[in-house]
There are 2 protein chains.
Amino acid sequence: MESTFVPVVAIVPFAEDGMVSAVAEGGGRVGDPQDADALVWTDPRDPEGLKDTLAASSARWIQLPFAGIESFVAAGVIDPGRTWTCAKGIYGHACAEHALALMLAASRQIHRHARATTWREPGFGSPERRLKGLTVLIVGAGGIGRELIRMLEPIEARAVAVNRSGNEVPGADATHKVGELQEVIGDADFVVVTAALTDETRGLIGRDVLGRMKSDAWIVNVARGGLIETDALVEALSESRIGGAALDVTDPEPLPDGHPLWGLDNALITPHVANTWDMALPELRALVRRNVGLFAGGEELEGLVDPARGY
Amino acid sequence: MESTFVPVVAIVPFAEDGMVSAVAEGGGRVGDPQDADALVWTDPRDPEGLKDTLAASSARWIQLPFAGIESFVAAGVIDPGRTWTCAKGIYGHACAEHALALMLAASRQIHRHARATTWREPGFGSPERRLKGLTVLIVGAGGIGRELIRMLEPIEARAVAVNRSGNEVPGADATHKVGELQEVIGDADFVVVTAALTDETRGLIGRDVLGRMKSDAWIVNVARGGLIETDALVEALSESRIGGAALDVTDPEPLPDGHPLWGLDNALITPHVANTWDMALPELRALVRRNVGLFAGGEELEGLVDPARGY
């Protein structure tokens, strides 16, 4: 019989039954952080708690629960002496579905119809559009972008990708480097923001970029609020210089009561629900199961974080 | 040189330039109804006008502008001595896109988020769901249903079809006869109504059928309001016996101001915009071009109406 490495995996701060099973199914044994080879951190909102836990743990690998890890980066937790994985990629489908929901809501004017209490608002006309034939620019085409491109295929919308490298994204009609954003944004009917929030991408969609959008184009954000300059966006929306904005994330977030975005006819806000905890949990359990197996076998883990880049 | 039949085609009551070109491109010549071999009727809301026009025309073929022709049937215009075509099938994609928009709006709670003016309504929780993995029952799976099934594929929802014959619908996980509706409706998370309105289908979704739906299932109607019994639906919605209703068509239509459906939290109304005239016109022009060509060549036309069935 082969000798097998059974890693001790701590699940902190809270370990629900499904996650405990996932560790066992992956070939690990659940234990305390002090004795742990690896650590599954389950609270996306508590980077300081993780810092404290790690002070007393020599765990070599840490699994983070969500895809966006900028709060952990900001808290200085991402120690490059350990191996870090996050949940990038695995929530792509859920987030892409929400992006599609927002795009269809915008093009079919559902944000306005939902608020109406009469069949035809006077002067409203028929501004509904089909997504078919429109151009969708996906900014930061990673896991979300790839799934969104698949969903847009039967709808027959044109998908154009923007990423850091400019390396061709499968299924996209064209791929551009992020440096070309200003040149290509003017062709888009929808601009969907799916990028990670880093020092480089903060405020990526500012006054200049918004100013080059078509006057009936919508911006959709399912990534992080900080990628868009909120003041510039409110200005563009108030003056109807763009078609509208559908935002699942905002800056600040939560969006405070009375914020101008709540009162705009051409804005649609959803409260960060593209990938809720209920949606995420089954996917996260499956990832933990796979990664514990890979870790036990000494293989490369899924969702590796590059500490230098911060995602 | 072959002798070619150049049919005279009247375009009434209004002939926009694109339709005139479509007739010419199809190999026809535009003329008056009195001399016409064929007639393209462009006003979906005026069956009586068509009756008057036909009294003075021996046109052998009449092209109707929309897919649902029940008002022409009711007016007794569909004389079986002539050949009738309608626009069935060609608007399937636009209507399927709207059905998808309504389903995603419902599952992602966009109807409620659009009305909110605060990040989290007290007690609202996180009732958002993914479409992935849910079961969508498509009642009357014709042109709209086929396109919707394609759109649901990358979303990974399960599509089940119900039609008159029970003949397998391509891409559906299962197909049932309409007589089995009561047995299969209890498995559905979404019931999408896409059937033609005929004497047989009027009130198809009544109290009994609604009573067998899951308590969190939504009904979506992009076909005709008369397929659903409105009073029974209002009752089911008011008592939260089903999840909700997203309706692009209503009975009565337009839905009058003050109607109970306007006030329900779990209802989403769009004013018959699944296929607006702006969306329809390019498709209708292309159909007229194809059908004029087929008519000139003596071939079978696209979108033939069965006068006995009324669709």
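Read-outs throughout are calculated quantities, based only on the coordinates presented, and are distinct from any laboratory measurement. Bear in mind that the values here come from a model prediction, so they are computed numbers and not experimental data. Quick reminder, even Gly has a Cβ in these numbers, built from the backbone with ideal geometry, and neighbours come from all protein chains shown.
Taking only the alpha carbons of segment B:26-167, we obtain Rg and Dmax values of 21.8, 68 Å in that order. Springs join every pair of Cα atoms under 10 Å in this Gaussian network model of chain B, and among B:252, B:127, B:33 the largest mean-square fluctuation is at B:127. Taken over the protein assembly as shown, lysine pairs spaced eight or more positions apart, or on distinct chains, with alpha carbons under 22 Å apart number 11.
Segment A:22-55 and segment A:64-115 have their alpha-carbon centroids 22 Å apart. Within the listed set A:236, A:141, A:116, the Gaussian network model of chain A (springs between alpha-carbon atoms below 10 Å) gives the highest mean-square fluctuation for A:116. On the rotation that sends chain B to chain A, the chain B Cβ lying closest to the axis gives residue and distance in whole Å as B:114, 2. Backbone amide hydrogens, once placed in the peptide plane, bring residue A:11 within less than 5 Å of A:31, A:40, excluding anything fewer than 5 places away on its chain. With θ taken as phi - 60° and the Karplus curve 6.51 cos²θ - 1.76 cosθ + 1.60 applied, the whole-hertz 3J(HN,Hα) list for segment A:263-270 is x, 8, 4, 9, 10, 10, 10, 10 Hz, x standing for glycine and proline.
Given the protein assembly as shown, what percent of its DSSP beta bridges are antiparallel, to the nearest 5?
Around 5 percent antiparallel, to the nearest 5.
A simple spin-label model places pseudo-atoms 7 Å from Cα toward Cβ; at residue B:126 and residue A:16 they are separated by 0.8 nm. Computed from Cα positions, the angle between helix A:92-107 and the longest principal axis of chain A comes to roughly 10 degrees. Once the Cβ-Cβ distance of residue B:165 and residue A:183 is raised to the sixth power relative to R0 = 60 Å, the FRET efficiency obtained is 0.65.
Extension gain, residue A:173 to residue A:45, is 42.4 nm, computed as 0.36 nm per intervening residue step minus the present C-alpha separation.
How would segment A:7-100 be classified by its alpha-carbon gyration tensor: rounded, prolate or oblate, with rounded meaning a/c under 1.5 and the a/b versus b/c comparison settling the rest? Since a/c reaches 1.5 but b/c is at least a/b, the shape of segment A:7-100 is classed as oblate. For the Cα trace of segment A:98-243, dividing Rg by the Kirkwood Rh returns an Rg/Rh value of 0.97. Summing charges over neighbours of residue A:255, with a neighbour being any other residue whose Cβ is under 12 Å away from its Cβ, gives -3 when K and R count +1 and D and E count -1.
Each residue of segment B:230-240 is assigned a 3J(HN,Hα), and the resulting list reads 4, 4, 5, 5, 4, 4, 4, 6, 4, 8, 6 Hz, derived from the Karplus form 6.51 cos²θ - 1.76 cosθ + 1.60 (θ = phi - 60°), x at Gly and Pro. Electrostatic bookkeeping for residue B:121 treats Lys and Arg as +1 and Asp and Glu as -1; over the other residues with beta carbon under 10 Å from its beta carbon, the sum is +3. Each residue of segment B:294-302 is assigned a 3J(HN,Hα), and the resulting list reads 5, 5, 4, x, x, 9, 5, 7, 8 Hz, derived from the Karplus form 6.51 cos²θ - 1.76 cosθ + 1.60 (θ = phi - 60°), x at Gly and Pro. Let me check I've understood the local charge: for residue B:83, count other residues with C-beta under 14 angstrom from its C-beta, Lys and Arg +1, Asp and Glu -1. What total comes out? The answer is -4. In nanometers and ordered shortest first, the copy-to-copy spacing of the residue B:171 label point, defined 7 Å from Cα toward Cβ, is 1.5.
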